[in-house]
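Data first, discussion second: the structure below is written as structure tokens.
The values are calculated or read from the model by the stated rules, or taken from the named source; none is laboratory data. These numbers come from a predicted model, not from an experiment. So basically every Cβ, Gly included, is an ideal-geometry build from the backbone, and we count neighbours across all protein chains shown.
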Amino acid sequence: MEVKNNALSLYEETEIEDGFSVLKFNNESQEPQRVTREVNSSFIQFHFCAKGSAVFKFNDGNYKLPLQEENSLLLYNPQRDLPMNLDVNTDSWVISILISIKKFHSLFSREANYITFLSDENKNRKYYKDGSLTPSMAIVLNQLINFNLHPSIKPLYFKGKAYELLSLYFNRPTDVDVEQCPFLVDEENVIKIKKAKEIILARMAEPPTLQELSEEVGLSLNKLKEGFKQIYGDSVYSFLFDYKMEVARQLLASGSHNVNEVGLRVGYSTASHFISAFKKQFGTTPKKYIQSLV
């Protein structure tokens, strides 16, 4: 597959198996970034925006489909190829699943009539659907984005999470999230948790304490910790650590900052502490990581 991208570390693709891939787009730069990838007509495309926004462009840019935060797009056209020309806006995260129609059919029984485009009458028609993400889907997306297990486990982990994401996408009774996450019934709490996430990311070099954060967003300490774990699948500071390390990795890859500068940008006052943290996350030192890019 031809893949072009203008920013190091923006694009990452994991092939789960033949005809089934997970793509991650993570633009932490100060400018929108373009990614192009060939996709033929035998594939269904699922796109999920966990943060920020992006725009899909077709027909040489004459037709555009925006993808906003906490929304999804399903695209399928058996009559023609639909190459991805994706503009990922600054500070944005997008997860995409590409799966062949043959593989997709094998996941569902013939009784799954509620999946409209699987019906015989629609199998040769193009299909488009947008929708909003449920909190359960948001959790899976964040787990994919902040994956932090041994590299040898990655294909298996991504396969499980991709299946989970597709299951949640097609299983949307109105009370599904109420049953699974009673905390999330209160939309006001969800808004406060999201605000807490934005605060710690914006102040990652000098983040507030959990107590200060809970007071700032107006939630008790326990509700903040429980709610954050439910929505983002991790504790506040573990989530922040993964984010800081990814920012550091992208800054190092850009070549515009040295190790000391990157450490300071993400909140480490000494280079040795930053090097230790980076090695814990990625299994290599910042210097060796930079050398591996040459």
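Can you tell me which of (1) loosely packed, with under 14 Cβ neighbours inside 10 Å; (2) assigned to a helix (DSSP H, G or I); (3) among the aliphatic types (A, V, I, L, M) is the one LEU149 doesn't meet? The single condition LEU149 does not satisfy is (2).
Residues in segment 209-225 that are at negative phi, surrounded by fewer than 16 Cβ atoms within 10 Å (Cβ to Cβ) and out of contact with any Ser or Thr (no Cβ under 8 Å at 6 or more places or on another chain): THR209, GLN211, GLU212, GLU215, GLU216, ASN222.
How many residues does segment 116-143 hold that are at pLDDT below 75 and surrounded by 14 or more Cβ atoms within 10 Å (Cβ to Cβ)? Break it down stepwise before answering.
At the first step, the residues of segment 116-143 found to be at pLDDT below 75 are 116-127.
Imposing the further condition that a residue be surrounded by 14 or more Cβ atoms within 10 Å (Cβ to Cβ) reduces the set to 117-118, 122, 126-127.
Of the residues in that region, 5 qualify.
Evaluated against (1) among the β-branched types (Val, Ile, Thr); (2) touching a helix residue (DSSP H, G or I) at 6+ places or on another chain (Cβ under 6 Å); (3) at pLDDT below 90, THR36 falls short on exactly one condition, (2). For segment 11-66, the tally of residues that are closer than 19 Å to PRO78 by Cβ, part of a strand (DSSP E or B) and touching a Leu at 6+ places or on another chain (Cβ under 9 Å) stands at 11. Among the residues of segment 125-140, those identified as farther than 11 Å from LEU165 by Cβ and of a type in the set (Ser, Thr, Tyr) are TYR127, TYR128, SER132.
Residues in segment 192-208 that are aliphatic (A, V, I, L, M) and surrounded by fewer than 12 Cβ atoms within 10 Å (Cβ to Cβ): ALA202 alone.
Looking at segment 69-79, can you tell me whether even one residue there is closer than 19 Å to GLU31 by Cα and in contact with a strand residue (DSSP E or B) (Cβ under 7 Å, 6 or more places away or on another chain)?
We begin by selecting, within segment 69-79, every residue closer than 19 Å to GLU31 by Cα; these are 69.
When the remaining residues are screened for being in contact with a strand residue (DSSP E or B) (Cβ under 7 Å, 6 or more places away or on another chain), the result is 69.
Looking through segment 69-79, at least one residue is closer than 19 Å to GLU31 by Cα and in contact with a strand residue (DSSP E or B) (Cβ under 7 Å, 6 or more places away or on another chain).
Filtered by the rule that a residue be in contact (Cβ under 8 Å) with a residue 40 or more places away in the chain and either surrounded by fewer than 16 Cβ atoms within 10 Å (Cβ to Cβ) or part of a strand (DSSP E or B) (or both), segment 68-79 gives ASN71, SER72, LEU73, LEU74, LEU75, TYR76, GLN79.
Within segment 144-161, count every residue that is modelled with pLDDT of 85 or more and either touching a helix residue (DSSP H, G or I) at 6+ places or on another chain (Cβ under 8 Å) or in the same structural domain as GLU246 (by TED's automatic domain parsing) (or both). Outline the logic, then answer.
If we filter segment 144-161 for residues that are modelled with pLDDT of 85 or more, which is where we start, we get 144-145, 152-161.
With the extra rule that they be either touching a helix residue (DSSP H, G or I) at 6+ places or on another chain (Cβ under 8 Å) or in the same structural domain as GLU246 (by TED's automatic domain parsing) (or both), the set shrinks to 144, 158, 161.
Residues flagged as modelled with pLDDT of 85 or more and either touching a helix residue (DSSP H, G or I) at 6+ places or on another chain (Cβ under 8 Å) or in the same structural domain as GLU246 (by TED's automatic domain parsing) (or both) within segment 144-161 amount to 3.
Determine, yes or no, whether GLN45 is under 26 Å from ARG249 (Cα atoms) and either at pLDDT below 90 or not hydrophobic (A, V, I, L, M, F, W, C) (or both). Considered against the rule, which asks whether it is under 26 Å from ARG249 (Cα atoms) and either at pLDDT below 90 or not hydrophobic (A, V, I, L, M, F, W, C) (or both), GLN45 comes out as no.
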